[in-house]
Amino acid sequence: MLSDGPVVTRFAPSPTGRLHLGHAVSAIRAHDYARERGGRFLLRIEDIDGTRSRPEFVAGILADLAWLGLRWDSLVFQSERLATYDLALEQLKARALVYPCFCTRAEIAASASAPQGDVGPVYPGICRGLSAEEVAARGDVAHCWRLDMAKAVAITGVLAWHDAIAGTVVADPMAQGDVVLARKDAPASYHLAVTLDDAAQGVTDVVRGVDLFAATDVHRVLQALLGLPVPRYHHHPLVVDAAGRRLAKRDGALSLAEMRAAGEDGAVLAARVRIG
């Protein structure tokens with residue numbers, strides 16, 4: 001449970017591209033929620049994607065937030081916390097709650113038994129039943145580690161969490177399937193890293209887009225398994241383009257840097273965001 005201490009929020013971007021207006025909305029909401037309550041606003045750089053994270057994007061994030069007039073109380077890089085993720089994964093391995101998965105994305109997508117979840121195909125459990133001998137026979141083949149969700153839920157039982165808009169939410173983690181906790185190309189997945197980081201930093205209120213609403217069910221399971229506190233959640237609407245699509249780096253959404261280069265005033269933009 002959370003203590004009665006001061007409010008702590010965070011903004012946690014990945015340095016894999018430039019920030020856009022959607023990021024600005026989330027950062028400003030998290031910043032203002034803390035400041036209005038005399039709390040702390042933290043900045044966390046989620047830089048463990050070694051193939052896409054770049055120093056110039058880190059510098060861009062800092063410049064963009066400063067342009068918006070935001071100030072943070074501490075700055076943490078996920079790449080400095082790898083030992084924490086390894087320890088948590090080893091604890092779950094010791095309890096036989098995770099298993100190695102050798103499947104490719106194409107194999108999962110092509111599986112006729114793979115239902116669709118909120119973020120794509122739900123893993124159909126192809127590697128869940130592999131024996132120790134079968135795993136050993138694969139040698140050094142690249143693999144990820146997945147949470148055996150059925151085993152996890154059998155331990156945690158029914159869980160709930162609170163959202164500022166939706167109220168009390170009864171978690172349905174089985175709908176997300178056996179999620180990845182450690183990727184083939186990174187030491188931890190978003191699910192594992194963000195849950196551990198929020199707990200370690202004492203985050204009391206998680207302010208983020210509604211696209212991560214369902215992911216909270218998974219985070220609630222990990223909190224229960226690892227004995228971590230449960231923050232309050234504030235899932236806000238996403239910023240969309242003229243066609244109603246959410247803004248995304250991969251789709252070439254106009255970046256804050258481009259707005260700044262065009263002569264826009266960051267303080268004025270932040271004021272517009274606050275008005276709604």
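The values are calculated or read from the model by the stated rules, or taken from the named source; none is laboratory data. All values reported here derive from a predicted model rather than from experimental measurement. For neighbour counting, all protein chains shown are included, and Cβ atoms are generated from backbone atoms with ideal geometry for every residue, glycine included. Quick note on the areas: whole protein, heavy atoms, side chains included, nothing else; ligands and nucleic acids left out. Shrake-Rupley method; radii C 1.70, N 1.55, O 1.52, S 1.80 Å.
General remarks:
- Cysteines (scope the chain) whose Cβ has no counterpart Cys Cβ under 4.7 Å: Cys103, Cys144
- Take the convex hull of the alpha carbons in the chain; its mean projected area over all directions comes to 15.6 nm².
- Annotation: extensible slack from Ala267 through Thr156 equals 35.4 nm (criterion: 0.36 nm per residue apart, minus Cα-Cα distance).
- When all protein chains stay in place and ligands, DNA and RNA are ignored, the 1.4 Å accessible-area order of His23, His236, largest first, is His23, His236.
- Dividing the radius of gyration of the alpha carbons in the range 1-100 by their Kirkwood radius gives 1.05 for Rg/Rh.
- Residue among Ala193, Ala166, Ala12 with the largest mean-square fluctuation in a Gaussian network model of the chain, springs linking Cα atoms under 10 Å: Ala166
- Residues whose amide H falls under 5 Å from that of Ser14, counting only those 5 or more places apart or on a different chain, are Glu46, with hydrogens built in the peptide plane.
- Long-range amide H partners of Val8 with built H, under 5 Å: Arg40, Thr204, Asp205
- Gaussian network model of the chain, Cα within-10 Å springs - most flexible of Ala66, Ala164, Ala94: Ala94
- Mean residue ellipticity, 222 nm, helices only, the chain: the sum of -39500 (n - 2.57) across DSSP H runs of n ≥ 4, divided by residue count and rounded to 500, is -10500 deg cm²/dmol.
- Whole-Hz ³J(HN,Hα) from phi, Karplus 6.51 cos²θ - 1.76 cosθ + 1.60, for the range 181-189, glycine and proline x: 10, 9, 7, 5, 10, 8, x, 7, 7
- Mean separation of Cα contacts under 8 Å (6+ apart) over length of the chain, as relative contact order %: 25
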